[in-house]
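Colleague: Attaching a single structure in structure tokens format; questions to follow.
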Amino acid sequence: MRQIVEVEEVVRETPSTVTLRFPYEPTALPGQFVMVWLPGVDEVPMSLSYSDGEVLKGVTVKVMGEASRRLNEVHRGDLLGIRGPYGNHFDLSPSKILVVAGGSGAAVLAPAAEAAKRRGAHISVALGATTATELLFKERFRRFADEVIISTDDGTEGEKGYVTDLLPSLLARGHYSALWTCGPEVMMVKALRAATSHGVPYFGSLERVMKCAVNLCDACAFGPYHVCTEGPVFPGTVLSQVEDFGTFKREASGRKVRA
Amino acid sequence: MDLLQTRVTGVDFRNPILLASGIWGESGISLTRAYEGGAGGVVTKSIGSEPRSGYPNPTIEKNGTWGLLNAMGLPNPGIESYGEEVRYALSRGVRVVGSVFGGTAEEFARLSQAMEALGVAAIELNLSCPHAKGYGSEIGSDPEALAEVVRAVKSAVRLPVWAKLTPNTADPASLGRAAERAGADAISAINTLRGMAIDPVTMRPILSHVSGGLSGPAIKPIGLAFVWQVFEAVHIPIIGIGGISRPEDVFEYLLAGASLVEVGTAVMEGGGPLFGQLARGVSDILVTHGLKSVSESVGAAHRR
């Protein structure tokens, strides 16, 4: 089930993120993830940043720990083991979508928004990062989105502040049929509150510790769900019912800790 | 489904099909989902004294031809943190069996006492994990070491004690007899078989731990033969485990001598509802054979 692939392209996106492109045949829908094995190092879950309709699939890796640091040092021609795709995907049917991307959350949202655009949806993007150089896929979004609004924590580009600060005015004038989000979970919680108060259906992509990724080990248990198979994309109606959302995560041991 | 109700080691189960240890066992909600899906009971993940992260990934290798290999490395939050998960499941009426692993007989005994205090119905001793240094089958493949653990736990708790045996042995009967003589109330068998996978392109082992445990349909014949042999060697009940995914598999284990079964790998595809499907299927099979209870079928294939 694991395919060994050769990395064909390495694209430095921001100082802390890099995109690895590789040939991988299995059909993947936007929002799904793969398990990426860097032999001798680790195997980690990565949402596909190039998925639907692409022969050269891709993952965009942000340096977080040892595994992602080593993935950031991968060169063209290096070998990766890929299994998947796993999990569910974004429903592409809404006609007017507000995409709220925080930091590396843009990795999964960009291909989903592109796919929705191909189906004729109107796409607004609220893109946030800590600082201007860390804005992920800014140019990619600008190529297809109907509008792209930027925020940075330090004010080096766009509005100064968090990306969620942009939401009240966007939601007030937008008449959106969906809000899609991915990023730090505290940000996703704020976005859910904003979407709910404007009656906009919300879908967020979650991140949890993954081990088996095939519904057995329980490492990704999130309330009564397994993120690997019943996620990673959850509707706000579900997230608002799960106590863990924005509050608890499980460590590799399974111990529940405050997020 | 009264036909399926059964009592084993003094514990009542609404049906003989339990969730196996290590599957869905990190969270109390997941245990509850398996029970609500129709399981007769659930066995917790194997719990130790301290939080343990387990091995780095890759921890599994799945293969359409032979099944699933895993070397999770006994990840668990430690008995103290795990209490809330057990209490959650118990508060929802779930029949919970607590699985524990230790490096010494005393550690097994302490953990079993802690499980007993949480209110579980029985203790299952993990004497058989094939991929954790100093634990599991490293203790459980030596009849004397296994007996020492069972004796220590039996003198520490009042609950029924199930000894989960390793198939990585040349002599299942003597392991079974050692457990029985030491006072075990039941034998669970089998755990996974040691195996490994090598990637031919990168020319290295796939699992970070190199070797792991094989599970899934490939090991059913091995589990059946193990249960068969142990059934002829001991008088205590047996919990049959290994490669069960269909009602017929459950029935075959009962015929070989199992009083209960546990299901693990098949949950990957079937989820919680698998348990209800298996229970209904087994009920139908019993009716077809004119059997009035699960216990009438236990060991029936030995009456040749």
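Colleague: Only loop residues by DSSP count here, and only those with at most 14 other Cβ atoms within 10 Å; note down the GluC sites (Glu not before Pro) in the stretch A:210-251 that meet that. Walk me through the numbers before you get to the answer.
Modeller: Working: sites: A:230, A:243, A:251; in loops: A:243, A:251.
Those satisfying the criteria are A:243.
Colleague: Still on this structure, please answer the following. Over the stretch B:92-195, calculate the relative contact order: mean separation of alpha carbon pairs under 8 Å at least 6 apart, over the residue count, as a percent. Let's see the in-between values first.
Modeller: Values: 220 pairs, mean separation 28.6, N = 104.
Taking the mean separation of contacting Cα pairs over the length of the stretch B:92-195, I get 27 percent.
Colleague: OK, next. Work out the mean other chain Cβ neighbour count within 10 Å for the residues of A:42-52 and drop it here as an integer. Mind showing how you got there, number by number?
Modeller: Working: counts 4, 8, 2, 1, 0, 0, 0, 0, 0, 0, 0.
Partner Cβ neighbours, averaged per residue: 1.
Colleague: Which pairs, out of A:117/A:256; A:190/B:62; A:62/A:256; A:57/A:117; A:211/B:133; A:62/B:133, put more than 30 Å between their alpha-carbon atoms? Each step should come with its number before you reach the end.
Modeller: On the way: A:117/A:256 39 Å; A:190/B:62 39 Å; A:62/A:256 24 Å; A:57/A:117 19 Å; A:211/B:133 20 Å; A:62/B:133 34 Å.
Among A:117/A:256; A:190/B:62; A:62/A:256; A:57/A:117; A:211/B:133; A:62/B:133, the Cα-Cα distance tops 30 Å for A:117/A:256; A:190/B:62; A:62/B:133.
Colleague: Follow-up question, since we're still on this one. Return the percentage of antiparallel bridges among DSSP beta bridges fully within the stretch A:96-258, rounded to the nearest 5 %. Please list the in-between numbers first.
Modeller: Numbers: 8 of 31 bridges.
Of the beta bridges lying entirely in the stretch A:96-258, close to 25 percent run antiparallel.
Colleague: Sequence neighbours fewer than 8 away in the same chain don't count; with that in mind, list the aspartates and glutamates whose C-alpha is under 20 Å from residue A:249.
Modeller: A:43, A:66, A:185, A:207, A:218, A:230, B:26, B:50, B:80, B:84, B:85
Colleague: Let me ask another. If you take every DSSP beta bridge whose two residues both sit in the protein assembly as shown, what share of them, in percent to the nearest 5, is antiparallel?
Modeller: Numbers: 53 of 101 bridges.
Close to 50 percent.
Colleague: Sticking with this structure for a sec: Got a sec? Which residues of the stretch B:176-223 lose 50 Å² or more of accessible surface with every protein chain in place, vs. that chain alone, 1.4 Å probe?
Modeller: B:202, B:204
Colleague: Can you list the residues, at least 5 places off or on another chain, whose amide H is less than 5 Å from the amide H of residue A:181, using H built in the peptide plane?
Modeller: The list, which skips near neighbours in sequence, is A:100, A:203, A:204, A:205.
Colleague: When the accessible area of each residue in the stretch A:183-222 is compared between its chain alone and the complete protein assembly (1.4 Å probe; ligands, DNA and RNA ignored), which residues differ by at least 30 Å², being lower in the assembly?
Modeller: Relative to the lone chain, where solvent access is computed with a 1.4 Å probe, the stretch A:183-222 loses at least 30 Å² at A:211, A:214, A:215, A:216, A:217, A:218.
Colleague: Pop out a list of residues from the stretch B:1-43 that are at least 20 Å² less accessible with all the protein chains around than in their chain alone; 1.4 Å probe, no ligands or nucleic acids counted.
Modeller: Residues meeting the cut-off: B:23, B:24, B:26, B:27, B:29, B:30, B:33.
Colleague: To make sure I understand the rule: partners must be aspartates and glutamates, Cα under 16 Å from the Cα of residue A:96, and not fewer than 8 residues away in the same chain. Which ones qualify?
Modeller: Partners within reach: A:114, A:146, A:147.
Colleague: Before anything else, pin down the relative contact order of the stretch A:96-258: Cα pairs under 8 Å, at least 6 apart, normalised by residue count, whole percent.
Modeller: Relative contact order comes out at 19 percent.
Colleague: In addition: Leaving out ligands, DNA and RNA, and with a 1.4 Å probe, what % of the accessible surface on the stretch A:3-86 is carbon or sulfur? Spell out each step's value before the answer.
Modeller: Numbers: 1600 of 3280 Å².
So the carbon and sulfur contribution to the accessible surface is 49 percent.
Colleague: Share of the stretch A:96-258's accessible area from carbon and sulfur, percent, 1.4 Å? Walk me through the numbers on the way to the answer.
Modeller: Working: 3140 of 6030 Å².
Answer for the stretch A:96-258 is 52 percent, counting heavy atoms of protein chains only.
Colleague: Give the interface area between chains A and B as buried accessible surface, both sides summed, probe 1.4 Å, in Å² to the nearest 100. Numbers along the way, then the final one.
Modeller: Details: alone 11390 and 12430 Å², together 20990 Å².
So the buried area, both faces added, is about 2800 Å².
Colleague: Test of the criteria: in the stretch B:81-147, which GluC sites (Glu not before Pro) are in a DSSP loop and have at most 13 other Cβ atoms within 10 angstrom of their Cβ? Kindly include the intermediate steps, with their values, before the conclusion.
Modeller: Values: sites: B:84, B:85, B:106, B:107, B:116, B:124, B:138, B:144; in loops: none.
Here no GluC sites (Glu not before Pro) fit, given the DSSP loop and packing criteria.
Colleague: Counting only protein heavy atoms and using a 1.4 Å probe, what share of the accessible area of chain B belongs to carbon plus sulfur, as a whole percent? Numbers along the way, then the final one.
Modeller: Working: 5600 of 11060 Å².
On chain B, the fraction of accessible area on carbon and sulfur atoms equals 51 percent.
Colleague: Okay, moving on. At a Cα cut-off below 20 Å, give the lysines reachable from residue B:154, other chains included and same-chain residues fewer than 8 away excluded.
Modeller: Once the sequence-local lysines are set aside, what remains near residue B:154 is B:164.
Colleague: Rounded to the nearest 500, what is chain B's calculated 222 nm mean residue ellipticity when only DSSP H runs of at least 4 contribute -39500 (n - 2.57) each, over all residues? Provide the component values of the computation, followed by the final result.
Modeller: Values: 11 runs with 112 residues, N = 304.
Calculated at 222 nm, the ellipticity per residue is -11000 deg cm²/dmol.
Colleague: Determine the per residue accessible area of the protein assembly as shown with all protein chains present and a 1.4 angstrom probe, expressed in square angstrom.
Modeller: Values: 20990 Å² over 563 residues.
About 37 Å² of surface per residue is accessible.
Colleague: Sticking with this one: What number, in percent, do you get for the relative contact order of the stretch B:2-302 if the mean sequence gap of Cα pairs under 8 Å and at least 6 apart is divided by its residue count? All intermediate terms of the calculation are to be shown ahead of the outcome.
Modeller: Details: 763 pairs, mean separation 59.7, N = 301.
In percent, rounded to a whole number, it is 20.
Colleague: Using the Cα centre of the stretch A:3-86 as origin and beta-carbon charges of +1 (Lys, Arg) and -1 (Asp, Glu), tell me which of A:22, A:65, A:53 is placed farthest towards the positive end of the dipole.
Modeller: Of the options given, the answer is A:65.
The values are calculated or read from the model by the stated rules, or taken from the named source; none is laboratory data. This one's a predicted model, so the numbers in the text were calculated from it and none came from an experiment. Note: ideal-geometry Cβ built from the backbone for every residue, glycine included; neighbour counts use all protein chains shown. For the accessible areas, the whole protein counts, side chains as well, though only heavy atoms, and no ligand, DNA or RNA atoms are used. Shrake-Rupley method; radii C 1.70, N 1.55, O 1.52, S 1.80 Å.
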